[in-house]
Amino acid sequence: MSRLLAAAFAATLATSLAGALPARADPGTDALAPFLDAVAACAGRPDLTLAVVGVEPGQTALSREQAEEVRLALESRLQATGRVRFAAAADVVRVKALREGTSGLSGPEAEAQIRAAFAGDASVFLVEPRRAGETVALRLQAITRSAACKATSEPVTVSIRVGAGVADVDAEMERAVKAFGQAAPNVSAVEVCPFVAESGHSTCASALTDRLVIALDAEARSANRILKGARLEVRRQPRGTACAGPVTARGRFLTDRDRQSWMEVEFGRDGAVLAPTGRRRIGIEGLGCDPTPRPFLDHLAATARTDGGRLAVSATATPFAAGQRVELRIDARARQSLYCWVVAPDETAFVALPVRGNPASLAPLAAGDVRRYPRGYGLDEIVAGEPFENLFACFGVAGGLPPELAERWLAAAPGADGDARLLQPPEVLDLVEKIRATPGVTEATARIVVR
């Protein structure tokens, strides 16, 4: 037999044997067979439609991303058995989006689709998740539509991806609030102090404060509290204030040398610590924040809502020398009212523009206007003296600030009858937050450095 014929014969034999031998069984899929048998017995039918709901929202073993990966992995295993179809219970938000985003879909049609998403012979919950490194063990628990019968699987193991986000932020907040509720069930009000970023300022501190307020608000509206008439008032304290009260919630955000993120939450009552979480490593990918801790002036400049096409500010020298005239150039590239102040590293500030009683400073700037501060506004020159570093920051608002904010700003502004009032940190932080919330606001900043 020639070498070519021998090779062809061997290939044909291998193909024939492969077709004759049974396919290798998937142990993950085979392990689900007794579970499906039990579900079929519960439902009274061999062909099953299952709604795989997933893990409980309040669990802390998995992040939300990991929980979704586990649900999809187990759906794939169940589908590989060839014995089930799926209802879209866990994906009902996508079905709901059809009502909101698809033209021509009537309300009743959308409601019918949502109801169909939950239709099935049984709902499957993933219960008792236990993490072990890069795997999680859990059980599948099926409950029939009538809730008359349930079936529970033996533990199954699923691989998970483990990255920086070892704990889901919302799950951690829910767990902290739950522990607080158990430690102080009769508390009727809690003051939420802003999270503190270690070694500076970070936008993640504000984002984490938001998530804690949301978790506490969910607890205040929980069915358990409503049924018991146990009211919980959640009050968020402004940044920069001395946060105090009979019951407080405080948090801390930290980053380490490996750029990993951590948080701590601590509730207190009358000086006693209640339900501290300890330091928990968290993933911040979904928070939309910058974890970098910065000094206050750097933080203020980095988070400014800048738009160089509308407003720009620059110092005429960097740095200024002692005895040199300090001057700032303001370029307005759109019509807007201008509100400028000088901010110090200690979070204090004083208003620079407008000046009460000074028409040139109160009038809006037109597109293309270029002004020099202070000379361009008829104000006295500023001569550099002792070394310092401040931030000259301007807000540009088409049509001006809302009346209440404009009144607060002008009350602190300089005028013919006196100098500008020094604004303390709580008021500075509050003004920044409120002015930045004004629709269409633009910011521009420049360092004033004297050496």
Show which aspartates and glutamates lie in cross-link reach of residue 434 when reach means a straight Cα distance below 14 angstrom and same-chain residues fewer than eight apart are skipped.
404, 407, 443
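Once you charge only the Cβ atoms, +1 for Lys and Arg and -1 for Asp and Glu, what is the size of the charge dipole of segment 169-281 about its Cα centre, to the nearest 20 debye? Intermediate results must be reported in sequence, preceding the final value.
Numbers: 18 positive and 14 negative charges, 26 e Å.
For segment 169-281, the charge dipole is close to 120 debye.
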Less than 9 Å Cβ to Cβ from residue 429, Lys/Arg counted +1 and Asp/Glu -1: what total charge do the surrounding residues give?
-3
Need one value: the accessible area of residue 191 in square angstrom, 1.4 angstrom probe, rounded to the nearest 10.
20
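Using the Kirkwood radius over Cα pairs, work out the Stokes-Einstein diffusion coefficient for segment 296-450 at 37 °C and 0.692 mPa s, in µm²/s as a whole number. Provide the component values of the computation, followed by the final result.
Working: Rh = 15.6 Å.
Translational diffusion coefficient: 211 µm²/s.
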Fully extended contour minus Cα-Cα distance, from residue 41 to residue 411, at 0.36 nm per residue
125.5 nm
Bounding extents of segment 296-355 in its principal axis frame from Cα atoms, largest first in Å, are 35, 24, 24
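For segment 238-277, what is the relative contact order in percent, using Cα pairs closer than 8 Å and at least 6 residues apart in sequence? Present the calculation step by step, with values, prior to reporting the outcome.
On the way: 46 pairs, mean separation 13.2, N = 40.
Relative contact order, segment 238-277: 33 percent.
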Rounded to the nearest 10 Å², the 1.4 Å probe accessible area of residue 305 is 120
Can you tell me the dipole magnitude for segment 296-450 around its Cα centre, using point charges on the Cβ only (Lys, Arg +1; Asp, Glu -1), in Debye to the nearest 20?
600
Can you sort 201, 299 by solvent-accessible area, 1.4 Å probe, largest first?
201, 299
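Once R0 is set to 56 Å, what does the formula 1/(1 + (r/R0)^6) return for the Cβ-Cβ distance between residue 272 and residue 49, expressed as a FRET efficiency to the nearest 0.05? Before the final figure, lay out each step's value.
On the way: r = 53 Å, r/R0 = 0.95.
Computed FRET efficiency for residue 272 and residue 49: 0.60.
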Straight-line reach only, C-alpha to C-alpha below 18 angstrom: list the aspartates and glutamates that residue 228 could link to, leaving out same-chain residues fewer than 8 apart.
217, 219
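Rounded to the nearest percent, how much of the accessible area of segment 169-281 (1.4 Å probe, protein heavy atoms only) is carbon and sulfur?
Working: 2820 of 5880 Å².
Reported share for carbon and sulfur atoms: 48 percent.
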Among the aspartates and glutamates, which have Cα under 13 Å from the Cα of residue 150 when same-chain residues fewer than 8 positions away are ignored?
37, 121
antiparallel share of DSSP beta bridges within segment 169-281, to nearest 5, in %, is 65
Through the Karplus equation 6.51 cos²θ - 1.76 cosθ + 1.60, θ set to phi - 60°, convert the phi angles of segment 267-273 into ³J(HN,Hα) values in whole Hz; use x for Gly and Pro.
9, x, 9, 6, x, 9, 7
Among 411, 355, 425, flag the residue with its Cα farthest along the positive direction of the charge dipole of segment 336-451, charges on Cβ as +1 for Lys/Arg and -1 for Asp/Glu.
355
Below 15 angstrom from the Cβ of residue 390, what's the summed charge of the other residues (Lys, Arg +1; Asp, Glu -1)?
-4
Whether segment 169-281 is rounded, prolate or oblate, judged on the alpha carbon gyration tensor where a/c under 1.5 counts as rounded
prolate
Integer Hz, Karplus 6.51/-1.76/1.60 couplings in order for segment 176-183, x for Gly and Pro
5, 5, 4, 5, 5, x, 6, 6
How much length is gained if the chain between residue 386 and residue 233 is pulled fully straight, taking 0.36 nm per residue apart and subtracting their Cα-Cα distance, in nm to one decimal?
50.1 nm
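So, with +1 on the Cβ of K and R and -1 on the Cβ of D and E, and no other charges, what is the size of the charge dipole of segment 276-346 about its Cα centre, to the nearest 20 debye? Before the final figure, lay out each step's value.
Numbers: 10 positive and 7 negative charges, 32 e Å.
Here segment 276-346 has a charge dipole of around 160 debye.
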Using θ = phi - 60° and the Karplus form 6.51 cos²θ - 1.76 cosθ + 1.60, what ³J(HN,Hα) does each residue of segment 438-444 get, whole Hz, x for Gly and Pro?
6, x, x, 5, 10, 10, 8
Mind grabbing the accessible area of residue 47 for me, 1.4 Å probe, Å², rounded to tens?
90
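The values are calculated or read from the model by the stated rules, or taken from the named source; none is laboratory data. What you see is a predicted model; the values in this text were computed from it and never measured. Glycine also receives a Cβ, built like all others from the backbone with ideal geometry; neighbour counts cover every protein chain displayed. Remember, those area values only see protein heavy atoms, side chains included, never the ligands or the DNA or RNA. Shrake-Rupley method; radii C 1.70, N 1.55, O 1.52, S 1.80 Å.
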